[in-house]
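Enquirer: Let me give you the structure first, and then I'll get to my questions.
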Amino acid sequence: MAKLTAGMGTSHVPGLGAAIDNGKTHEAYWKSLFEGLEPLRNWHKANTPDVNIIVYNDHATEFSLDSYSTFTVGVGESFRPADEGWGPRQVPEMQGHPEFAWHLIESVMADEFDLAVNASMDLDHGFTVPLSVAYGQPSEWPTAVVPVCVNVIQHPLPTALRCYKLGQAIGTAIESYPDDITVGIWGTGGLSHQLGGERVGVVNPEFDQLFLDNLTKDPLANTRLSHTDFMREAGCEGVEMIMWNVMRGALGDNVEEIFRLYHIPVSATAFGAIILENK
Amino acid sequence: MERDYDKIPGTYPLDSRTYRKGYHVNMFLMSLNKAACRDKFSKNERAYLDTFKMTEEQKLAVIERRYLDLLKLGANVYYAFKLVSFDRQPPQVMYGQMAEPRLTFNEFQQMMIEGGRPISGNRSVEEWNNG
């Protein structure tokens with residue numbers, strides 16, 4: 001039987017990817033952040049699952065006003081890094097896991113979630129930056145991936161509770177997969193940030209730290225926040241944090257927080273990362 | 001129809017109102033994901049913009065790189081990134097231009113290094129009007 005071993009939450013700021021790709025991680029602006037990420041990277045080296053389910057959002061790359069589903073699961077054999085306007089990131093292609101992805105879709109849809117299915121979506125920084133945060137610059141990524149894209153851009157968005165419940169359904173799907181594989185799940189995006197308008201640059205460490213505390217101790221508290229709560233307290237784009245609820249919902253009631261990093265700034269963003277082991 | 005998040009100051013979420021107002025300008029911005037479209041735009045910005053059903057106001061805001069005006073005219077910031085990237089500029093240039101008060105790249109960068117814009121006093125339109 002498949003086993004969900006752990007969840008990670010991490011911001012997915014494009015600047016992080018650019019810093020890694022261009023060898024800038026030792027520069028003054030980035031140094032303390034990347035030093036702080038060393039234990040996270042060491043944990044990933046010692047705890048590499050067979051497949052990572054990565055919950056991310058597409059930033060007007062593959063999906064746009066023309067078509068943007070609430071939840072989309074990628075069933076491709078492989079996925080390319082996307083051209084977001086400056087050419088694709090020079091990172092390895094990502095290998096999918098169609099068999100597991102289809103099992104997940106069948107199980108989650110039986111649990112009343114209506115998913116879109118996509119075989120050819122290119123993956124933007126929302127997906128590739130977390131891989132670089134965790135695994136650095138390998139010649140190929142160490143795990144297969146199942147992309148789960150959540151619409152957190154174009155309102156109406158799924159609620160924070162809906163995201164948590166989707167995670168619970170994903171957890172059920174993992175438990176019923178017959179092969180003996182290990183699985184990780186990542187929630188990405190956030191933490192507090194606002195990228196547009198006169199209020200650009202707003203961040204809220206108190207809100208972010210409480211959200212992180214609740215992930216471990218009281219995850220349902222994070223499901224009671226409205227989109228307006230997130231947008232007001234954590235910035236317009238801080239609403240991405242609902243994707244961390246998907247990750248947390250998949251894990252069991254008891255988790256152990258074994259890593260946390262919080263750092264301001266990365267670009268216009270409060271960076272956060274957390275690792276939660278399933279108990 | 002009003003939304004409860006309309007009370008958040010200086011904030012432009014992509015909802016059904018901006019979706020409809022900004023559909024064509026956002027689809028122009030989206031097209032810059034494709035190298036062939038970037039080539040056409042770089043050869044003649046005006047001629048390329050004229051292939052989209054955008055308003056004259058939206059076209060001029062694009063040509064003059066007035067990012068805050070673009071948001072007010074329906075563009076979404078994730079789509080606007082494509083134009084900043086086209087210009088090979090860091091996003092902080094756009095952020096600073098939209099900020100109140102307006103900031104240069106270095107000023108915006110410094111504000112973030114010093115801990116960012118505080119949430120206190122920035123939660124509601126009322127706070128801004130009274131501030």
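Enquirer: Calculated FRET efficiency, B:Ser120 and B:Val93, Cβ-Cβ r, R0 30 Å, to nearest 0.05? If you can, show how the numbers build up before the last one.
Expert: Values: r = 27 Å, r/R0 = 0.89.
Calculated transfer efficiency: 0.65.
Enquirer: Given charges of +1 on the Cβ of Lys and Arg and -1 on the Cβ of Asp and Glu, with all other atoms neutral, how large is the dipole of the protein assembly as shown about its Cα centre, in debye to the nearest 20? Please list the in-between numbers first.
Expert: Working: 36 positive and 53 negative charges, 213 e Å.
The dipole magnitude comes to about 1020 debye.
Enquirer: May I ask you to order B:77-88, A:207-218, B:30-41 by the average number of other C-beta atoms within 10 Å around their residues, highest value first? Kindly include the intermediate steps, with their values, before the conclusion.
Expert: Values: B:77-88: 20.2, A:207-218: 18.2, B:30-41: 16.6.
Averaged packing, sorted descending, gives the order B:77-88, A:207-218, B:30-41.
Enquirer: Something else now. Please state the charge dipole magnitude for segment B:90-131, taken about the Cα centre, from unit charges on C-beta atoms (+1 on K and R, -1 on D and E), reported in debye and rounded to the nearest 20.
Expert: Rounded to the nearest 20 debye, it is 80 debye.
Enquirer: So which lysines can A:Lys3 reach, going by Cα to Cα under 27 Å and dropping same-chain residues fewer than 8 places off?
Expert: Candidates past the 8-residue exclusion: A:Lys45, A:Lys165, A:Lys217, A:Lys279.
Enquirer: Next question, about the same structure. Per residue of segment B:11-28, what does 6.51 cos²θ - 1.76 cosθ + 1.60 with θ = phi - 60° give for ³J(HN,Hα)? Whole Hz please, x for Gly and Pro, Karplus curve as stated.
Expert: 9, 10, x, 8, 10, 4, 6, 5, 3, 6, 5, x, 3, 6, 5, 5, 6, 4
Enquirer: Also: Can you find, among A:Thr223, A:Leu33, A:Thr61, the residue sitting farthest towards the positive end of the charge dipole of the protein assembly as shown, where Lys and Arg contribute +1 and Asp and Glu -1 at Cβ?
Expert: A:Thr61
Enquirer: Rounded to the nearest 5, what % of the DSSP beta bridges within chain A are antiparallel ones?
Expert: Values: 21 of 43 bridges.
Here the antiparallel bridges make up roughly 50 percent for chain A.
Enquirer: Let a ≥ b ≥ c be the square roots of the eigenvalues of the Cα gyration tensor of segment A:1-86; is it rounded (a/c under 1.5), or, if not, prolate (a/b larger than b/c) or oblate? Provide the component values of the computation, followed by the final result.
Expert: Values: a/c = 2.36, a/b = 1.18, b/c = 2.01.
Oblate.
Enquirer: Separate question: Just flag the GluC sites (Glu not before Pro) in segment B:45-131 sitting in loop per DSSP whose Cβ has no more than 16 other Cβ atoms within 10 Å. Walk me through the numbers before you get to the answer.
Expert: Working: sites: B:Glu45, B:Glu56, B:Glu57, B:Glu64, B:Glu107, B:Glu114, B:Glu126, B:Glu127; in loops: B:Glu64, B:Glu114.
Within segment B:45-131, the qualifying GluC sites (Glu not before Pro) (loop, at most 16 other Cβ atoms within 10 Å) are B:Glu64, B:Glu114.
Enquirer: How far apart, in nanometres, would the label points at A:Ala119 and A:Leu210 be if each is projected 7 angstrom from Cα along the Cα-to-Cβ direction?
Expert: It is 4.7 nm.
Enquirer: Okay, next question. List the residues whose amide H sits under 5 Å from the amide H of A:Tyr177, counting only those 5 or more places along or on another chain, with H placed 1.01 Å from N in the peptide plane.
Expert: A:Ala2
Enquirer: Quickly work out the A:Asp218-to-B:Phe105 label distance, labels modelled 7 Å from Cα along the C-beta direction, and quote it in nm with one decimal.
Expert: Modelled inter-label distance: 4.5 nm.
Enquirer: A further question follows. Which helices of chain A meet both criteria: a Cα extent of 27 Å or more along the helical axis and a mean Kyte-Doolittle score no lower than -1.0, with helices taken as whole DSSP H segments? Walk me through the intermediate numbers first.
Expert: Numbers: long enough: none.
Helix filter hits for chain A: none.
Enquirer: If you count, for each residue, the other Cβ atoms within 10 Å and average over each peptide, how do A:229-236, A:252-259, A:97-104 line up from highest to lowest? List each step's numbers first, then the result.
Expert: Values: A:229-236: 24.2, A:252-259: 12.9, A:97-104: 19.5.
Ranking the peptides A:229-236, A:252-259, A:97-104 by packing returns A:229-236, A:97-104, A:252-259.
Enquirer: Answer rounded, prolate or oblate for chain A, using the Cα gyration tensor with square roots of eigenvalues a ≥ b ≥ c: rounded when a/c is under 1.5, else prolate when a/b is larger than b/c, else oblate.
Expert: Details: a/c = 1.24, a/b = 1.15, b/c = 1.08.
Note, shape of chain A comes out rounded.
Enquirer: Using a 10 angstrom cutoff on alpha carbons, build the Gaussian network for chain A and name the most mobile of A:Val55, A:Val152, A:Val117.
Expert: Maximum among the listed residues: A:Val117.
Enquirer: Other chains' Cβ within 10 Å of A:227-236 residues: what's the mean?
Expert: Working: counts 4, 7, 2, 1, 5, 10, 3, 1, 6, 9.
That works out to 5 on average.
Enquirer: Can you tell which of A:Leu115, A:Leu261, A:Leu65 shows the greatest fluctuation in a Gaussian network model of chain A with Cα springs below 10 Å?
Expert: Of the options given, A:Leu65 has the highest mean-square fluctuation.
Enquirer: Between A:His26 and A:Glu277, what length in nm is gained on full extension when 0.36 nm per residue of separation is reduced by their alpha carbon distance?
Expert: Values: separation 251, 0.36 × 251 = 90.36 nm, distance 2.95 nm.
Fully extending the segment from A:His26 to A:Glu277 adds 87.4 nm.
Enquirer: Further question: Within a 10 angstrom radius of each residue's Cβ in B:19-26, how many Cβ atoms of other chains show up on average? Whole number is fine.
Expert: On the way: counts 3, 1, 0, 1, 3, 1, 0, 5.
Neighbouring Cβ atoms belonging to other protein chains average 2 per residue here.
Enquirer: Mind giving me the FRET efficiency for B:Asp39 and A:Ala46? R0 is 45 Å, r the Cβ-Cβ distance, nearest 0.05 is fine.
Expert: Values: r = 47 Å, r/R0 = 1.04.
The computed FRET efficiency comes out at 0.45.
Enquirer: From the phi of every residue in segment A:180-186, what ³J(HN,Hα) in whole Hz does the Karplus formula 6.51 cos²θ - 1.76 cosθ + 1.60 yield, where θ is phi - 60° and glycine or proline is x?
Expert: My calculation for segment A:180-186 gives 7, 10, 9, 10, x, 9, 10 Hz in order.
Enquirer: Can I ask one more? For B:Glu100, enumerate residues with amide H under 5 Å from its amide H, sequence gap 5+ or separate chain, H modeled in the peptide plane.
Expert: The answer is A:Val200.
Enquirer: If you line up the long axis of helix B:77-86 against the longest principal axis of chain B, both from Cα atoms, how many degrees apart are they, to the nearest 10?
Expert: Taking Cα atoms only, the helix is inclined about 50 degrees.
Enquirer: Here's a follow-up. Principal axis extents for segment B:90-131, Cα atoms only, whole Å, descending order, please.
Expert: That works out to 32, 19, 13 Å along the principal axes.
Enquirer: Something else now. With the Cα gyration tensor of segment B:11-88 giving a ≥ b ≥ c as the square roots of its eigenvalues, does the rule (a/c under 1.5 for rounded; else a/b larger than b/c for prolate; else oblate) give rounded, prolate or oblate? Mind showing how you got there, number by number?
Expert: Values: a/c = 1.69, a/b = 1.51, b/c = 1.12.
Since a/c reaches 1.5 and a/b is larger than b/c, the shape of segment B:11-88 is classed as prolate.
Enquirer: Spin-label point model (7 Å from Cα, Cβ direction): what's the A:Glu93 to B:Lys72 distance in nm?
Expert: 4.7 nm
Enquirer: What average number of partner chain Cβ atoms lie no more than 10 Å from the Cβ of the residues making up B:110-118? Walk me through the intermediate numbers first.
Expert: Values: counts 0, 4, 10, 3, 2, 5, 15, 10, 5.
Mean number of neighbouring Cβ atoms from other chains: 6.
Every number in this text was worked out from the coordinates using simple rules, so none of it is lab data. All values reported here derive from a predicted model rather than from experimental measurement. Note that each Cβ is placed from the backbone with ideal geometry, even for glycine, and that neighbours are counted across all protein chains shown.
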